[in-house]
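Just so it is clear, none of the values below were taken in a lab; they were calculated from the coordinates. Since the model is a prediction, treat every value here as computed from it, not as a measurement. Glycine also receives a Cβ, built like all others from the backbone with ideal geometry; neighbour counts cover every protein chain displayed.
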Amino acid sequence: MRLCHALETSPWDSDPYAAANPAGPMRTRAFGVGGLVTYLILEDQQRVDLLLVQWA
């Protein structure tokens, strides 16, 4: 539930997917134990799309 809240309230407070584009809308965020989510921020639509969810 904390991941959902973070993506809803502060999606930009995470690592950029590509280090060469730190201001880009594609982001990654670690969660739980060994989890990683990759997502795309669609600012004009006030939306965040999950692209990949991984657990180790």
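Mind sorting out which of (i) 1.67; (ii) 1.19; (iii) 1.06 is the real Cα Rg over 2.2 N^0.38 Å computed from the coordinates?
(iii)
Stretch W12-M26 to full length: gain in nm at 0.36 nm per residue minus the Cα-Cα span? Can you show the working numbers first?
Numbers: separation 14, 0.36 × 14 = 5.04 nm, distance 0.94 nm.
Going from the current span to full extension adds 4.1 nm.
Can you compute the label reach from Q54? Point 7 Å from Cα along the Cβ direction, backbone N cut-off under 17 Å, restricted to segment 26-44.
Backbone N within reach: 26-40.
So, counting K/R as plus one and D/E as minus one, what does the shell of residues with Cβ under 11 Å around Y17 add up to?
Numbers: positive: R27, R29; negative: D15.
Around Y17, the surrounding residues sum to +1.
Pop out the ³J(HN,Hα) list for segment 42-56 in order, Karplus 6.51 cos²θ - 1.76 cosθ + 1.60 with θ = phi - 60°, rounded to Hz; leave Gly and Pro as x.
10, 4, 5, 9, 6, 9, 10, 9, 6, 9, 8, 10, 10, 10, 9
Test of the criteria: in segment 8-56, which chymotrypsin sites (Phe, Trp or Tyr not before Pro) are in a DSSP loop and have at most 14 other Cβ atoms within 10 angstrom of their Cβ?
Details: sites: W12, Y17, F31, Y39, W55; in loops: W12, Y17.
When the chymotrypsin sites (Phe, Trp or Tyr not before Pro) of segment 8-56 are filtered for loop state and at most 14 Cβ neighbours within 10 Å, W12 remain.
Quote the charge dipole size of the chain about the Cα centre in Debye, to the nearest 20; the model charges only the Cβ of Lys and Arg (+1) and of Asp and Glu (-1). Working shown, then result.
On the way: 4 positive and 6 negative charges, 37 e Å.
So the dipole magnitude of the chain works out to roughly 180 debye.
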